[in-house]
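What follows is a single structure, written as structure tokens, with notes after it.
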Amino acid sequence: MEESMKGLQRSCRCGELGVEDIGRTVTVMGWVQKQRNKGGIIFVDLRDRAGIVQVIFEEADCGQENFEKAEKLRSEFVAAVVGKVEARSGAVNENLATGRIEIRASQVRVLSQAQTPPFPIEEDVKTKEELRLKYRYLDLRRPDLQRNLALRSKMTNSIRAFLCREGFLEIETPILNKSTPEGARDYLVPSRVHPGCFYALPQSPQIFKQLLMCSGYDRYFQIAKCFRDEDLRADRQPEFTQIDLEMSFVDVDDVIDATERMVAQVCREAAGLEVPLPMPRITWQEAMDRFGTDKPDTRFGMELVDVSGVVEGCGFGVFTGALEEGGTVRGINARGQGEMPRKKIDALVEFARGYGAKGLAYISVQADGSCKSSFAKFMTPEQTGTLVEAMGGEPGDLLLFAADKKKLVLSVLGALRVELGKQMGLADPEKYNFLWVTEFPQFEWNEEEERFVAEHHPFTMPMEEDLELLEKEPGRVRAKAYDIVLNGVELGGGSVRIFQSQVQERMFEALGFTKEKAYSQFGFLLEAFKYGVPPHAGLAIGLDRFVMLMAGVDNIREVIAFPKVKDASCLMSDAPGTVDPGQLEELHLTLRS
């Protein structure tokens, strides 16, 4: 029978008790982890978000009524216990923070009964994720998830404290916005009072935070909810949270300095991690050439090597053909993998094909210095030896090569490097390598639309020395943009913004915008720019990803209370769902069958 807690008040959480509390009478409340009835004595493990404490019931201490209640306790019952803290009578449990003490109960109340849960409420449960997400409210009781969300809260509080101390103002920006089709797909919300018109949920507060700079607010931040209707991966969600900030009268170094100090404080306070400052910086071009990606994991080497000049004119048509078409030949050295079985090498070839490669060429350097090669018959031993030397190959190494257009080769070898790093255990999980990637391309060529699109967004300032290239060679223009990367994951990024109207107009022209189109999409921002705009810059960091990396998990669903799955649905609430026809009528919508 369920009881009231009237007259009882919790004095502490279960996991907060220790040897210093011995002799103290306490009232604890929580969920029953397990109950063990040993005849004349009943042991109950009581759990709350702070941990587990062992409670002992003996009829001589708690009376017949309370002892009988304890006999009926089952897993996930909610109970309130009054008792005295004692030194543990049995063996000390070193795996529990409360393992040296126990509570000798004098009273128990069953506040709520529970059905048998569909999976065990315990740490590192092996239950399928689909079942865990369907019963997320039960999943969230598990200690590991509770630790993750407590870490998230601690990190968020640290971020707020730092930014407030640095003179930033926390200002909320609108959730219901105007759609701007550039970038990812918007989530659209139909308007009831404006038939045929739609709001868009924000992909970021970008325009509004720039307007705040125009309004003289100098330093802004927001823990902002954002939405993107895009394909999902382990580190993406349709709704996500970002640490969003903007600063006036600053340049690249000012934003990077503030961000580094914020990140260092958060890592120190939330995870006990000391981050050396300043963080390393490399340009986008250097990152691509060395690692094949703009978010490199620098915890291990295996960097890309350009061997185009070495294989030029060799007899291997795959190499020479790629070079003749303006492509490149590059390789990576998987040290110590020269004896890799052919089956494993074939698996790497298939992996590369998944990234668009036609295949991979390889050389296995044997222990005696001889070479086994997938293209041995097309090159002389001398040519092969020169290629091995260029790759720094030594006995026992496996050299892997890709030949094609530069962009494809970098993508393939960048992904292959990360995959081999995982297989070979090269990335130390205890290591946290932060770095900045700077000087991104201003534009990216869109094959489908046959025009340049903004690599970041249309308000990013080009490097001053590249302004003269805007009309002549937009593909060569570098942006005053910067990304912060941790262990191969892009934590976030930002840029210096365009604040001069003539530069903004040139930017829109380079993107193929007419003046009418620019004003139809961004008119209120462009209008504001006529009234005095300070130089400004900003950045946004993905809070979900940041917490994920600090928690040491590989999926952001593990650090979000109620996440969506890959098709953007919620298995617990069955969102999205159908709506009443009357609601559609009010919104002036009809559904096509």
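Some points to look at:
- Which numbered condition residue 516 misses (of (1) modelled with pLDDT of 95 or more; (2) among the acidic types (Asp, Glu); (3) in a helix (DSSP H, G or I)): (1)
- Close Cβ contacts (under 8 Å, 6 or more residues apart or on different chains) running from residues in the range 395-407 that are touching a residue at least 40 places away in the same chain (Cβ under 8 Å) and of a type in the set (Lys, Arg) to residues that are open to solvent by less than 30 Å² (accessible area, probe 1.4 Å) and in a strand (DSSP E or B) comprise 405/328; 406/328.
- Residues in the range 519-543 that are part of a helix (DSSP H, G or I) and open to solvent by 10 Å² or more (accessible area, probe 1.4 Å): 11 in all.
- Of all the criteria given as (1) assigned to a loop (DSSP other than H, G, I, E, B); (2) farther than 22 Å from residue 155 by Cβ; (3) free of Cβ contacts under 8 Å to residues at least 12 places away in the same chain, the one not satisfied by residue 276 is (2).
- Only one of the numbered conditions (1) touching a strand residue (DSSP E or B) at 6+ places or on another chain (Cβ under 7 Å); (2) in a loop (DSSP other than H, G, I, E, B) is not met by residue 565, and that is (1).
- Screening residue 363 on (1) touching a Cys at 6+ places or on another chain (Cβ under 7 Å); (2) closer than 16 Å to residue 291 by Cα shows it passes everything except condition (2).
- Residue within the range 391-402 that is within 18 Å of residue 311 (Cα to Cα) and open to solvent by 50 Å² or more (accessible area, probe 1.4 Å) present: no
- Neighbours by Cβ (under 8 Å, 6+ apart or cross-chain): first from the range 123-148, touching a residue at least 12 places away in the same chain (Cβ under 8 Å) and basic (Lys, Arg); second exposed (fewer than 15 other Cβ atoms within 10 Å of the Cβ) and in a helix (DSSP H, G or I): none
- Condition check for residue 104: loosely packed, with under 15 Cβ neighbours inside 10 Å, part of a strand (DSSP E or B) and modelled with pLDDT of 95 or more: no
- Pairs, first more than 17 Å from residue 310 (Cβ to Cβ) in the range 363-383, second of a type in the set (Lys, Arg) and assigned to a strand (DSSP E or B), C-beta under 7 Å, six or more apart: 364/372; 366/372
- Index of the failed condition, residue 306 passing every other in (1) within 30 Å of residue 218 (Cβ to Cβ); (2) open to solvent by 50 Å² or more (accessible area, probe 1.4 Å); (3) in contact with a Lys or Arg (Cβ under 7 Å, 6 or more places away or on another chain): (1)
- Residue in the range 312-321 that is of a type in the set (A, V, I, L, M) and open to solvent by less than 50 Å² (accessible area, probe 1.4 Å) present: no
- Residue within the range 67-85 that is within 30 Å of residue 553 (Cα to Cα), part of a loop (DSSP other than H, G, I, E, B) and within 35 Å of the chain's Cα centre (by Cα) present: yes
- Tally, over the range 253-273, of residues that are touching a residue at least 12 places away in the same chain (Cβ under 8 Å) and outside any helix (DSSP H, G or I): 1
- Restricting the search to strands (runs of 3 or more DSSP E) fully inside the range 144-252 and requiring at least 2 residues that are over 30 Å from residue 132 (Cα atoms), open to solvent by 70 Å² or more (accessible area, probe 1.4 Å) and out of contact with any Cys (no Cβ under 6 Å at 6 or more places or on another chain) gives 198-200.
- Near pairs, Cβ below 6 angstrom, 6+ apart or cross-chain, from the range 312-331 (within 20 Å of residue 352 (Cα to Cα) and among the charged types (D, E, K, R)) to any residue that is open to solvent by 40 Å² or more (accessible area, probe 1.4 Å) and modelled with pLDDT of 95 or more: 330/306
- Condition check for residue 416: at pLDDT 95 or above, touching a Leu at 6+ places or on another chain (Cβ under 6 Å) and open to solvent by less than 30 Å² (accessible area, probe 1.4 Å): no
Conditions (1) more than 23 Å from the chain's Cα centre (by Cα); (2) of a type in the set (Asp, Glu); (3) under 30 Å from residue 217 (Cβ atoms), marked per residue:
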position: 91; (1), (2), (3): yes, no, no
position: 130; (1), (2), (3): no, yes, no
position: 160; (1), (2), (3): no, no, yes
position: 168; (1), (2), (3): yes, no, yes
position: 171; (1), (2), (3): yes, no, yes
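- Test result for residue 109, of a type outside the set (A, V, I, L, M), in contact with a helix residue (DSSP H, G or I) (Cβ under 8 Å, 6 or more places away or on another chain) and open to solvent by 50 Å² or more (accessible area, probe 1.4 Å): no
- On inspection, residue 281 fails the criterion of being out of contact with any strand residue (DSSP E or B) (no Cβ under 9 Å at 6 or more places or on another chain) and either at pLDDT 95 or above or open to solvent by 60 Å² or more (accessible area, probe 1.4 Å) (or both).
Table: residues versus (1) crowded, with 16+ Cβ neighbours inside 10 Å; (2) part of a helix (DSSP H, G or I).
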position: 27; (1), (2): yes, no
position: 31; (1), (2): yes, no
position: 36; (1), (2): no, no
position: 39; (1), (2): no, no
position: 45; (1), (2): yes, no
position: 56; (1), (2): yes, no
position: 65; (1), (2): no, yes
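- Verdict on residue 567 being surrounded by 15 or more Cβ atoms within 10 Å (Cβ to Cβ), acidic (Asp, Glu) and closer than 28 Å to residue 491 by Cβ: no
- Complete set of residues in the range 1-25 that are open to solvent by 80 Å² or more (accessible area, probe 1.4 Å), within 39 Å of the chain's Cα centre (by Cα) and closer than 14 Å to residue 104 by Cα: none
The values are calculated or read from the model by the stated rules, or taken from the named source; none is laboratory data. Just so you know, these numbers come straight off a predicted model, no measurement behind them. No Cβ is skipped: glycine too gets one built from the backbone with ideal geometry, and neighbour counts run over all protein chains shown. What goes into the accessible areas is simple: the full protein's heavy atoms, side chains included, and nothing from ligands, DNA or RNA. Shrake-Rupley method; radii C 1.70, N 1.55, O 1.52, S 1.80 Å.
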